[in-house]
Amino acid sequence: MTTEEVAKKVVELVRKQAWYEALDTLYDNDIVSVEATAPESQGKEAVRGKVDWWLNAMQVHSFEASEPFVAHDRFVVQYDAEVTEKESKKRRKMSEVGVYTVKNGKIVREEFLPRIA
């Protein structure tokens, strides 16, 4: 897959909240994942753990993904969500961009940058 094809497929799957399908089909086994407030993690199982945490910690009321911005081996998608933290019951809006790098048709790096309120 080209970078553009991977980008479009990411958007298609995350709009359906098909997190595991995206991980299983589009990510390299040695994916490097960087969150703004957590240490860098590596490997599909580490990313699967992040997805598990998200699904267990958040009730998702809405989740939107922009069309991707694509150039060379990278693409960016803006995500906007409204969630309730299950433990605190606090409802909030979130916005961040995901910056992805693609090699050999698979995502090898993702980095998430949150919007500062």
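The values are calculated or read from the model by the stated rules, or taken from the named source; none is laboratory data. None of the values given here were measured: they were computed from a predicted structure. A quick note on method: Cβ atoms are made from the backbone with ideal geometry, for glycine too, and the neighbour counts reach across all protein chains shown.
Output the residues belonging to region 72-92 that are of a type in the set (Asp, Glu) and within 19 Å of the chain's Cα centre (by Cα). Before the answer, list the steps.
If we filter region 72-92 for residues that are of a type in the set (Asp, Glu), which is where we start, we get 73, 80, 82, 85, 87.
Correct list: ASP73, ASP80, GLU82, GLU85.
What's the total number of residues in region 2-52 that are on the phi > 0 side of the Ramachandran plot and modelled with pLDDT of 95 or more? Break it down into steps so the answer makes sense when it comes.
Keep residues of region 2-52 that are on the phi > 0 side of the Ramachandran plot, which gives 17, 43.
Then keep just the ones that are modelled with pLDDT of 95 or more; that gives 43.
Going through region 2-52 one residue at a time, the tally reaches 1.
Filter region 95-117 down to residues that are of a type in the set (A, V, I, L, M) and modelled with pLDDT of 95 or more and give me whichever is nearest to LEU23 (Cα to Cα). It would help to see each step written out before you state the result.
Step one: list which residues in region 95-117 are of a type in the set (A, V, I, L, M), which gives 97, 99, 102, 107-108, 113, 116-117.
Remaining after also requiring modelled with pLDDT of 95 or more: 97, 99, 102, 107-108, 113.
On the way: VAL97: 17, VAL99: 15, VAL102: 13, ILE107: 9, VAL108: 11, LEU113: 19 Å.
Step by step, filter region 95-117, then rank; the result is ILE107.
Count, please, the residues in region 83-108 that happen to be of a type in the set (D, E, K, R), in contact (Cβ under 8 Å) with a residue 24 or more places away in the chain, in contact with a strand residue (DSSP E or B) (Cβ under 9 Å, 6 or more places away or on another chain) and more than 22 Å from PRO68 (Cα to Cα). Spell out the reasoning first.
Initial filter on region 83-108 (of a type in the set (D, E, K, R)): 85-87, 89-93, 96, 103, 106.
Filter once more, keeping what is in contact (Cβ under 8 Å) with a residue 24 or more places away in the chain: 85-87, 91, 96, 103, 106.
Among the residues that remain, those that are also in contact with a strand residue (DSSP E or B) (Cβ under 9 Å, 6 or more places away or on another chain) are: 85-86, 91, 96, 103, 106.
Right, trim to more than 22 Å from PRO68 (Cα to Cα) and you get 85-86, 91.
Total satisfying the criteria: 3.
Can you name the strands (runs of 3 or more DSSP E) wholly within region 27-117 that have at least 2 residues being under 24 Å from THR2 (Cβ atoms) and among the hydrophobic types (A, V, I, L, M, F, W, C)?
Values: elements: 27-34, 58-65, 69-71, 74-85, 91-103, 106-114.
The strands (runs of 3 or more DSSP E) meeting that bar are 27-34, 69-71, 74-85, 91-103, 106-114.
Output the residues belonging to region 18-66 that are under 20 Å from THR84 (Cβ atoms), exposed (fewer than 15 other Cβ atoms within 10 Å of the Cβ) and of a type outside the set (Phe, Trp, Tyr).
THR37, VAL51, ASP52, LEU55, ASN56, ALA57, GLN59, VAL60, HIS61, SER62, GLU64
Test each condition in (1) among the hydrophobic types (A, V, I, L, M, F, W, C); (2) in contact (Cβ under 8 Å) with a residue 24 or more places away in the chain; (3) more than 17 Å from LYS106 (Cα to Cα); (4) surrounded by 15 or more Cβ atoms within 10 Å (Cβ to Cβ) for VAL10 and report the one that comes out false.
VAL10 satisfies every listed condition except (3).
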